[in-house]
1. Given Gly155, Gly150, Gly123, which one is in the same structural domain as Gln65 (by TED's automatic domain parsing) and crowded, with 18+ Cβ neighbours inside 10 Å?
2. Confirm whether Ala113 is at pLDDT 95 or above, within 16 Å of the ligand (Cβ to nearest atom) and over 28 Å from the mean Cα position of the chain (by Cα).
3. Can you find a residue in the stretch 220-230 that is at pLDDT 70 or above, assigned to a helix (DSSP H, G or I) and hydrophobic (A, V, I, L, M, F, W, C)?
4. Can you find, within the stretch 145-178, the residue that is farthest from the ligand (Cβ to nearest atom) among those that are touching a helix residue (DSSP H, G or I) at 6+ places or on another chain (Cβ under 6 Å) and among the hydroxyl-bearing types (Ser, Thr, Tyr)?
5. I'd like the residue in the stretch 1-38 that is under 12 Å from Tyr66 (Cβ atoms) and part of a helix (DSSP H, G or I) and, out of all such residues, is nearest to the ligand (Cβ to nearest atom).
Amino acid sequence: MAWYPGAVKMELQPESDAQAAIRPTQFIIHSIVAPWTARRTYEYWRDSTNLESHFAVDYEGTIGQYIGTHTRADANAGANRRADGTGAVSAETASNLSATDPWNDKQLEDLIALGVWLHEEEGIPLRICRTHDDPGFGYHSMFPQWSTGGTSCPGRARIRQFREVVFPAIVARATGKTQPTEEDDVALTTAEIDQIATATAKKTLQIDGVIENPNPATAGENSHIALTTAVRNIETIGRRTEAKVAALTEANNKLIDTVAQLAAGLGDLDPATIVAELRAAIESIDVHITTDLPEA
Ligand SMILES: [Zn+2]
């Protein structure tokens, strides 16, 4: 059993000796729906109920500890002790009577320091629990398995503080970084840099930039045109050129056939010579077509 040096020890008996041992893997934070001191909370556990938490954090900056962290405490239903012997360490925190107020600065500091100690002393990993039995840090209403009839504990304001203040501060202090440095902000992996570069390139192509008109035939009229217009023009020219080349090739082939038939009827001409000369002429026509593009 372990006792937090930063807490006032108020051991609950017979629970402390009687309840089963646990291997603590989680830290679950609550609001007690009362503005009680750590001492008053101890009296409540001792005199009025058979439930209890390991810790209580009051408004004045005192932490009370009632049960050692290697013994089951009964504040989180199914997370108190699981079949495999693991369980959650629990902390109640003083609140107003409707559990709507945020933690004050003393409570925040106490929760952060306690969280760091639980990480260092018990090896609770520096992450927010991903499932009800996942080792890490959490708050009472995070998973239904942690309460018997559902709960909104520790209240909306404190859930937000847990995510935005308490847990990040535990991680920062436990890893020796009280504040993220500028270096951390720009320390990207190669994969992250590639991802950003790809996203930036896509973004650039999505934006329709205005470029200098690359077509000398129309540049005098429009010195600048939209990139999409230029691309559309190039595609139109390509399609028209293909169609013209196909039509001309077909016409030329018909011409060759016709001339070959004529030559066959004229006994004194060599048909092969005529065809070869026509083919050479047609090839030069092809070259002529590709260098004389139609206007877009
Ligand atoms: Zn609770």
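1. Details: Gly150 fails: crowded, with 18+ Cβ neighbours inside 10 Å; Gly123 fails: crowded, with 18+ Cβ neighbours inside 10 Å.
Going through Gly155, Gly150, Gly123 in turn, the sole match is Gly155.
2. Numbers: at pLDDT 95 or above: yes; within 16 Å of the ligand (Cβ to nearest atom): no; over 28 Å from the mean Cα position of the chain (by Cα): yes.
Against the criterion (at pLDDT 95 or above, within 16 Å of the ligand (Cβ to nearest atom) and over 28 Å from the mean Cα position of the chain (by Cα)), Ala113 does not qualify.
3. As a first pass, look at the stretch 220-230 and keep what is at pLDDT 70 or above: 220-230.
Pick out the ones that are also assigned to a helix (DSSP H, G or I) and you get 227-230.
Of the ones still in play, those that are also hydrophobic (A, V, I, L, M, F, W, C) are 227, 230.
Checking the stretch 220-230: at least one residue is at pLDDT 70 or above, assigned to a helix (DSSP H, G or I) and hydrophobic (A, V, I, L, M, F, W, C).
4. Among those residues, the one meeting the criterion is Thr178.
5. If we take residues in the stretch 1-38 being under 12 Å from Tyr66 (Cβ atoms) and part of a helix (DSSP H, G or I), then Ala38 is nearest to the ligand (Cβ to nearest atom).
For (1) within 38 Å of the chain's Cα centre (by Cα); (2) hydroxyl-bearing (Ser, Thr, Tyr); (3) surrounded by fewer than 24 Cβ atoms within 10 Å (Cβ to Cβ), each residue gets a yes or a no:
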position	(1), (2), (3)
Tyr4	yes, yes, yes
Ala7	yes, no, yes
Glu11	no, no, yes
Glu15	no, no, yes
Ala18	no, no, yes
His30	yes, no, no
Arg39	no, no, yes
Arg46	no, no, yes
Thr49	no, yes, yes
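The values are calculated or read from the model by the stated rules, or taken from the named source; none is laboratory data. Quantities reported herein were computed from a predicted structural model and do not represent experimental measurements. Reconstructed Cβ throughout: ideal geometry from the backbone, glycine too, with neighbour counts over all protein chains shown.
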